[in-house]
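The values are calculated or read from the model by the stated rules, or taken from the named source; none is laboratory data. If you're wondering where the values come from, they're calculated on a predicted model, not measured in any experiment. Here the Cβ is made from the backbone with ideal geometry for all residues, glycine too, and neighbour counts use every protein chain on show.
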Amino acid sequence: MKKFLLCLMLLALCVPAFCEEEIITLPAPDKTGGLPVMEALALRKSSRNFRDTELAADELSALLWAAGGVNRPDGKLVYPTAMNARDLIIFAFTKSAVYRYNPEPHTLTVIERGDYRSCAAVQDFGAKAAVNLVYVQDTSRWPKIDATPEQVRQAGFAHTGFSMQNVYLYAVSQGWGARAVMSMNYEKLPELLKLTKTQALILAQCVGPLD
Ligand SMILES: Cc1cc2nc3c(=O)[nH]c(=O)nc-3n(C[C@H](O)[C@H](O)[C@H](O)COP(=O)(O)O)c2cc1C
């Protein structure tokens, strides 16, 4: 009995340590400056010649805010979502770690330490881009409405497209490059990102300085 109680006590001490998430608070994003929209549109294109580098914290902060941050006090985002479902989860793959972006507190949750960029974008340029964003739709965030699974899935792609275009324009404005990619590692990513049954991969996007 004593042994059993001791085991229980040890378990109670260990479980919180294992469950605790590592959260990184991002600096407030700089929402000023940049290229005028028409100039950014004139320069938008997909690039491949990414430089193998890491972004500074303020650069990562502004990039993620442009991709999917909150831009109003009611929690709505920089891009529109059907039924205000806000059903996308954006993961950021860098040279040092894989993070989940949390728009409301503007923080990162560390998913895995290490360089998994080539998992997010399997073509050669994907291993070099400073950041690879992976877009995941979580259908459990949808309100209970009469939409078919196909409509919900289509909306997920539409939401991703809006976010990706923001990233394309932000990249141009920074003098960087970006590229939408569907060539992801569809086998490894769900396990790496610990996706649940209601979460599905949509697309990825490489972004960062160019050589
Ligand atoms: C949904 C989508 C998926 C894409 N997937 C890939 C991809 O897997 N690999 C790649 O090299 N480019 C990919 N691209 C980039 C396109 O090849 C590129 O946008 C197209 O050639 C037009 O070039 P532009 O973006 O410079 O106008 C993708 C683009 C979109 C919109």
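When we screen 163, 183 for residues that are among the hydroxyl-bearing types (Ser, Thr, Tyr), in contact with a helix residue (DSSP H, G or I) (Cβ under 9 Å, 6 or more places away or on another chain) and buried (at least 18 other Cβ atoms within 10 Å of the Cβ), the only hit is 163. Select from the range 13-32 the residues that are part of a loop (DSSP other than H, G, I, E, B) and modelled with pLDDT under 95 and write down the one among them that is nearest to the chain's Cα centre (by Cα). Step by step, filter the range 13-32, then rank; the result is 21. Note on the range 91-116: residues that are more than 17 Å from residue 163 (Cβ to Cβ), buried (at least 19 other Cβ atoms within 10 Å of the Cβ) and hydrophobic (A, V, I, L, M, F, W, C) amount to 1.
Return the residue satisfying two criteria in turn: it lies in the range 112-132 and is in a helix (DSSP H, G or I) and in contact with a Leu (Cβ under 9 Å, 6 or more places away or on another chain), and of such residues it is nearest to the ligand (Cβ to nearest atom). So that I can check it myself, show each step before the final result.
Our first condition is that a residue be in a helix (DSSP H, G or I); within the range 112-132, this holds for 117-120, 124-127.
With the extra rule that they be in contact with a Leu (Cβ under 9 Å, 6 or more places away or on another chain), the set shrinks to 119-120.
Details: 119: 14, 120: 11 Å.
In this case the residue turns out to be 120.
Here residue 200 does not fit the description of being more than 12 Å from the ligand (Cβ to nearest atom), surrounded by fewer than 21 Cβ atoms within 10 Å (Cβ to Cβ) and more than 14 Å from the chain's Cα centre (by Cα).
Filter the range 177-195 down to residues that are touching a residue at least 40 places away in the same chain (Cβ under 8 Å) and not in a strand (DSSP E or B), then give me how many there are. Give the steps one after another, and end with the answer.
First pass over the range 177-195, keeping only residues touching a residue at least 40 places away in the same chain (Cβ under 8 Å): 177-181, 183-185, 188-189, 192-195.
Filter again for not in a strand (DSSP E or B), leaving 183-185, 188-189, 192-195.
Going through the range 177-195 one residue at a time, the tally reaches 9.
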